[in-house]
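Visitor: First the structure, then my questions, so here it is.
The numbers here are math on the coordinates, done by the rules we state, and not lab data. Please read these numbers as outputs of a predicted model, since none were measured by experiment. Note that we place each Cβ from the backbone using ideal geometry, even for glycine, and neighbour counts take in every protein chain shown.
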Amino acid sequence: MNEFSSRQQHFFIPFDLNKEERSLFDRYFRFLDDSGVAAVIKKHEKNHSSKGGRPNVNFFNLFAAILFGFSSGCTTLRELEDACSHDIRYIDMMEQVRPSYVTISNFINNVIAPNEDIIFSLINKQIVKDLSVDLDDAFIDGTKWEANANKYKFVWKPVKYHENISVSFFRILKENNLCTDFREERMVRSSTITKAIDAFENEKSRFQEKQYNAVAKSLSAILVKVLEYEEKERICGENRKSYFKTDHDATAMSLKADYYSGLGSNMHAAYNVQSLVINGIVLSYYVSQSRTDIADFIPVLEHFHKLYSVYPKNICADSGYGSLENYTFLKDHGIGNYVKPQSWEGNVTGSYPESYRLQNDGTIVCLNQHIGTRVEIPWRHPKKAGGVFFKIDGCTDCPYKKYCMRWMKDIDDQTEKIFEVNVKLAELKQEAEKNLLSLKGIEIRVNRSIQVEGVFGIEKQDYRYTRTRRRGLEKVSTEMMLMFLGLNIKRLLKYYQTGKKLSFWKAPSDLEPESFKNPSAKRLSKKGEKLHDNLYK
């Protein structure tokens, strides 16, 4: 018997969302209306009068469905297409219109991407209003997101090859007395080689045929290679040294997932993604090709200012952002500095403390409480811009001597120590340390690990969103915007359901401010001696 194939056709039985879901979605739609994002989408809305073929999709419904999809982990084009066909929530939201993945892709590329910043700011402003979020304490952190580069093939910037072939090129010119008026270049340009080939052709008569053919072949081969190198250098740009063949904007980076097992040798195509979080809401982001976070600190703050026309009152970030440029930016814009300096961990634990501290009177004091004053050394220049020299005497019997002078070859012969100090950087670092050790600093440090690192934990662990779906810096930026916006919407919808706002740790009133531990001279001396012996013995 044909039990499976002998099925009867039934009429479609209409059904609806339950009362709670209907109430939630009604509030969600009112939220989108209140945000003002409809005015942005309306500029791209097509004529609803269908002239045959597939009916036009309602752009407002589609935007609501996409945003809801990113809030519930439905982030790929195929997943969104499937949800609009089989998930009752999306079917209701789309009014039973089933857009294809091509329609969804075109909407994201043609409507959302060009208005990325304004859509992000409008939605977030309404979230801030509904949740009564204050913009006082902001947290910044970054992570590497693996790119959708497909093939595991990357290209390194051919600087050394370009330099070597330039040496060969100018040697050929010199040996054959060609173009003597050309100035040697560290990395010869293709235009220079072309001029040399033209000049060589004009002087063809003074060369024997065999010599002429050899030189012409060499110059042509060099021109082909230099053109190849120039193209690779153009794709890399000035600030990076690699790119991937299937995604030219992706850069070779070492991801945390295999950093420890591969000792940093496993390179992946990736993007550096920064996020600025306030009260659990992502209010700014920045996608770059940087392999470190330090250069992306100011751009993510400037992006925040561009979106909301203000800066946060306080900024907390880890030691990966502690630089003179970043500290100066915070100082100039009146932003509270809670950014850990790179020496923070060593100072807090006392395991690798700084060898000196700057005093209010312009002097420095070492670990043994000896005072150092500023000196001029005519035969020695500072290694870094803004550096000055401070001299401390009386180091002969100092218990910290082997630690402070661990990088010097002849420690026993030294009776004094000269420190190169950037006074401005030292002042800003110690201001940040003072803020971080205060009650406010303790509270803000605890919340940094909860809020901003929690955002990446939710996306990567809960949603399994460990690899981008799109390629190219601009498309990945739009994808990250939708991902962060989806997380914000998820938290808003939870508030609509439960009536509970996000709450975070508050420092108790009886909590005492922290202070740096007193370093052990004996332990530091052993560490310094070990480092010195490994370096010089």
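Visitor: Taking 0.36 nm per residue of separation and subtracting the Cα-Cα distance, what length does fully extending Arg22 through Asp533 add?
Guide: Numbers: separation 511, 0.36 × 511 = 183.96 nm, distance 7.22 nm.
My answer for the length gained is 176.7 nm.
Visitor: Here is a follow-up. Within the stretch 425-440, name every residue whose backbone N is under 16 Å away from a label modeled 7 Å from Cα of Arg374 along the Cβ vector.
Guide: 425-428
Visitor: Identify the residues of the stretch 387-409 with backbone N under 14 Å of a label point that sits 7 angstrom from the Cα of Leu324 along the Cα-to-Cβ direction, or state none.
Guide: Zone members listed by number: 387-389.
Visitor: Shape call for the stretch 19-131 from the C-alpha gyration tensor, a ≥ b ≥ c root eigenvalues: rounded (a/c under 1.5), prolate (a/b greater than b/c) or oblate?
Guide: Cα axes put the stretch 19-131 in the oblate bin.
Visitor: For the stretch 439-537, compute the number of Lys pairs whose alpha carbons are separated by less than 24 Å, excluding pairs fewer than 8 positions apart on the same chain.
Guide: The number of close lysine pairs in the stretch 439-537 is 19.
Visitor: Something else now. Which one of Ile411, Asn202, Asn534 is farthest out on the positive end of the charge dipole of the chain, using unit charges on Cβ (Lys, Arg +1; Asp, Glu -1) and the Cα centre as origin?
Guide: Ranked along the dipole, the leading option is Asn202.
Visitor: Where does the chain land at 222 nm, in deg cm²/dmol rounded to the nearest 500, when only DSSP H runs of n ≥ 4 count, each adding -39500 (n - 2.57), divided by all residues? It would help to have the intermediate numbers written out before the result.
Guide: Details: 19 runs with 244 residues, N = 537.
Mean residue ellipticity, 222 nm, calculated: -14500 deg cm²/dmol.
Visitor: If you add up the charges near Asp26, with Lys and Arg at +1 and Asp and Glu at -1, over every other residue whose beta carbon is less than 12 angstrom from its beta carbon, what do you get? Provide the component values of the computation, followed by the final result.
Guide: On the way: positive: Lys19, Arg22, Arg27, Arg30; negative: Glu20, Glu21, Asp33, Asp92.
The answer is 0.
Visitor: Mind ordering 22-35, 365-378, 136-149, 78-91 by average Cβ neighbours within 10 Å, highest first?
Guide: The packing order, highest mean first, is 136-149, 78-91, 22-35, 365-378.
Visitor: A follow-up question, please. Straight-line reach from Lys42: which aspartates and glutamates have a Cα under 16 Å away, not including same-chain ones fewer than 8 places off?
Guide: Excluding near neighbours in sequence, the set is Asp33, Asp34, Glu116.
Visitor: So, one more: Evaluate E = 1/(1 + (r/R0)^6) for Val167 and Lys517, where r is the Cβ-Cβ distance and R0 equals 60 Å; express this FRET efficiency to the nearest 0.05.
Guide: Efficiency for this residue pair is about 0.65.
Visitor: Now for a different question. Based on Cβ point charges of +1 for Lys and Arg and -1 for Asp and Glu, what charge dipole magnitude is obtained for the chain about its Cα centre, in debye rounded to the nearest 20?
Guide: Details: 79 positive and 70 negative charges, 191 e Å.
With only Lys, Arg, Asp and Glu charged at Cβ, the dipole is about 920 debye.
Visitor: Which ³J(HN,Hα) values in Hz, rounded to whole numbers, follow from the phi angles of the stretch 450-462 under the Karplus curve 6.51 cos²θ - 1.76 cosθ + 1.60, where θ = phi - 60° and Gly and Pro get x?
Guide: Running phi through 6.51 cos²θ - 1.76 cosθ + 1.60 with θ = phi - 60° gives 7, 7, 6, 6, x, 4, 5, x, 5, 5, 7, 9, 6 Hz.
Visitor: What's the FRET efficiency of Glu233 with Asp136 using the Cβ-Cβ distance as r and R₀ = 30 Å, to the nearest 0.05? Provide the component values of the computation, followed by the final result.
Guide: Working: r = 45 Å, r/R0 = 1.49.
Plugging the Cβ-Cβ distance into 1/(1 + (r/R0)^6) gives 0.10.
Visitor: Could you calculate the FRET efficiency of Thr415 with Tyr352 from 1/(1 + (r/R0)^6), where r is the beta carbon distance between them and R0 is 25 Å, rounded to 0.05?
Guide: On the way: r = 24 Å, r/R0 = 0.98.
Plugging the Cβ-Cβ distance into 1/(1 + (r/R0)^6) gives 0.55.
Visitor: Follow-up. Roughly how far apart, in whole Å, are the Cα centres of the stretch 504-537 and the stretch 78-126?
Guide: So the two Cα centres are separated by 52 Å.
Visitor: I'm spelling it out carefully: the read-out is semi-axes √(5λ) of the Cα gyration tensor in Å, the candidates are [x] 64, 46, 28; [y] 43, 26, 23; [z] 52, 42, 20, and one was derived from this structure. Which label?
Guide: The listed entry that was calculated here is [z].
Visitor: Let me ask you something else. Can you tell me how much longer the chain between Glu185 and Asp198 gets when fully stretched, taken as 0.36 nm per residue apart minus their C-alpha distance, in nm with one decimal? Please report the intermediate quantities before stating the final value.
Guide: Numbers: separation 13, 0.36 × 13 = 4.68 nm, distance 1.85 nm.
The Glu185-Asp198 span can extend by a further 2.8 nm.
Visitor: Equivalent ellipsoid semi-axes for the stretch 158-236, as square roots of 5 times the alpha carbon gyration tensor eigenvalues: give them largest first, rounded to whole Å.
Guide: Numbers: eigenvalues 108, 29, 22 Å².
The equivalent ellipsoid of the stretch 158-236 has semi-axes of 23, 12, 10 Å.
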